[in-house]
1. Determine the percent antiparallel among the DSSP beta bridges restricted to the chain, to the nearest 5.
2. Pick from 37, 47, 19 the residue whose mean-square fluctuation is largest in a GNM of the chain, springs joining Cα atoms under 10 Å.
3. In region 1-78, with Lys and Arg counted as +1 and Asp and Glu as -1 at Cβ, which of these residues, 42, 57, 28, has the Cα nearest the positive end of the dipole, that is, farthest along it?
4. What number in nm² do you get for the chain if you take the convex hull of its Cα atoms and divide its surface by four?
5. For the chain, calculate the relative contact order in percent as a whole number, restricting contacts to Cα pairs under 8 Å that are 6 or more residues apart.
6. If you stretched the chain out fully between residue 79 and residue 57, how much longer would it get, using 0.36 nm times the residue separation minus the C-alpha to C-alpha distance?
7. With a 10 Å Cβ neighbour count serving as the proxy for reagent exposure, in which order, fewest first, do 56, 68 appear?
8. Top mean-square fluctuation among 60, 69, 33, Gaussian network model of the chain, C-alpha springs under 10 Å?
Amino acid sequence: MQGGGAVVWSTADEPNLPLVAAKNPNIVRWYQEDQVLDIVFSEPMQLNQVSEAALRAGSELRDLLDGRERVVAVVIQRLYMRQVYVPCV
């Protein structure tokens with residue numbers, strides 16, 4: 001992989017990812033993340049900083065894929081900051 005892809009800083013305006021506890025669905029945590037993403041390959045953006053990309057499926061995923069799939073983007077998540085909100089019960 002070469003350097004020099006497109007760097008994107010992504011910030012959620014508010015907590016937008018609720019996760020419910022498996023043992024007690026009354027417990028919910030909300031996540032809000034800031035992320036720095038490095039887009040190194042994107043067909044829509046006509047950006048290619050990789051020498052090779054492949055998609056292979058094994059075990060359970062073989063039933064979902066038929067071999068005609070193609071890689072349309074490769075994104076590297078460089079760093080993120082997560083805030084967790086737990087409502088009072």
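1. Working: 24 of 24 bridges.
Restricted to the chain, the bridges split so that about 100 percent are antiparallel.
2. 19
3. Going by the charge dipole, the pick is 57.
4. Numbers: hull surface 35.6 nm².
Reported value for the Cα convex hull: 8.9 nm².
5. Worked out over the chain, it gives 35 percent.
6. Separation in residues times 0.36 nm, less the Cα-Cα distance, equals 5.2 nm.
7. 68, 56
8. 60
Where a number appears in this text, it was derived from the coordinates with a stated rule and is not lab data. Computed from a predicted model, the values in this text were never measured in an experiment. Using ideal geometry, Cβ is built from the backbone for each residue, glycine included, and neighbour counts are taken over all protein chains shown.
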